[in-house]
Amino acid sequence: MAPAWDIFCDFDGTITFFDVTDSLLERFARPEWEAIEEEWEQGRIGSEECLSRQARLLDMAPDELDGHLNQIAIDPDFAAFLKAAQDRRFPVTIVSDGLDYSIRYILGRHGIHGLPIFANRLHRAGERKWTIAFPYSARGCDFAAGHCKCATMRHIPLPARGKVLLVGDGRSDFCAAEQANMVFAKGKLAEYCARNRLPHHAIEGFAEALPLLQRLENSQNAKNIVR
């Protein structure tokens, strides 16, 4: 019998405790990145334009990038959540409006390999120069996102072909939350789900998400387990 749930999980601020890309900008970018960030926060530009412009301000060598990523911790309960999902044959896919290199490096350093990852692509453009490509942007995206997660969730083949669980924390997850049967939501995403009456559980981290998998497994109707 096919698994019941496909799980889509954000990375920055969800698996990690803060936005990894912002931490790179704070450490290695020229100070103009903050003005660009403010444009994004005010809704004047989308994340694709924001990240594209900010990437050109980065000044770092590859070993400096790796050295910084070596310091990034992840939620200590994520590995247990992932194992519990895999034990139940719930496929887990990473969907991020962050950087693919950072995600693979950080997860790999914590012994997590082989997860499908949909994210923006960091490219080295010179000795200390970088650009970002956006293979998962979508024309007409309401948020002008670098990675339109709702488009990804609609168009990629779902391994389980069952219900969809989203785990996330912020603005890049808003449209994806509209597509999900259930959301485990941190931070601003929890506020968004509550405001829009979307099926969700507000969580602080994966320690709270872990026991909710059992409730999902036993539920016959995700729409009836909103908290």
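What the table shows:
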{"item": "The chain, relative contact order [Cα under 8 Å, separation at least 6], %", "result": "24"}
{"item": "Exposure proxy ranking, count of Cβ atoms within 10 Å, fewest first, for 6, 19", "result": "19, 6"}
{"item": "Nonlocal amide H pairs with residue 8, under 5 Å, H built at 1.01 Å", "result": "93, 165, 166, 167"}
{"item": "Lysine pairs with alpha-carbon atoms under 18 Å apart, segment 5-224, spacing 8 or more or separate chains", "result": "4"}
{"item": "Cysteines without a disulfide-compatible neighbour (Cβ-Cβ under 4.7 Å), the chain", "result": "9, 50, 193"}
{"item": "Vicinal HN-Hα couplings computed from phi for segment 43-60 (Karplus, 6.51 cos²θ - 1.76 cosθ + 1.60; Hz; Gly/Pro x)", "result": "x, 7, 9, x, 5, 5, 5, 4, 5, 4, 6, 5, 4, 5, 9, 5, 9, 8"}
{"item": "Residue 86-residue 109 FRET efficiency (beta carbon distance; Förster radius 25 Å; 0.05 resolution)", "result": "0.80"}
{"item": "Hypothetical label at residue 17: residues of segment 182-205 whose amide nitrogen lies under 19 Å (7 Å Cα-Cβ projection)", "result": "186-188, 203-205"}
{"item": "Förster radius 22 Å - calculated FRET efficiency between residue 30 and residue 70, Cβ distance, rounded to 0.05", "result": "0.40"}
{"item": "Computed lengthening from residue 188 to residue 79, 0.36 nm per intervening residue step minus Cα-Cα distance", "result": "36.9 nm"}
{"item": "Fewest-first ranking of 166, 99, 212, using other Cβ atoms within 10 Å as the exposure measure", "result": "212, 99, 166"}
{"item": "Residue-wise HN-Hα coupling along segment 25-33, computed from phi with Karplus coefficients 6.51, -1.76, 1.60 (Hz; x: Gly, Pro)", "result": "5, 4, 8, 10, 8, 5, x, 4, 4"}
{"item": "Taking only Cα atoms of the chain, radius of gyration then Dmax in Å", "result": "17.3, 55"}
{"item": "Peptides 61-71, 196-206 ordered by average Cβ neighbours within 10 Å, highest first", "result": "196-206, 61-71"}
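Since every read-out is calculated from the coordinates, none of them should be taken as a lab result. Being a predicted model, the structure only gives us computed values, none of them experimental. So basically every Cβ, Gly included, is an ideal-geometry build from the backbone, and we count neighbours across all protein chains shown.
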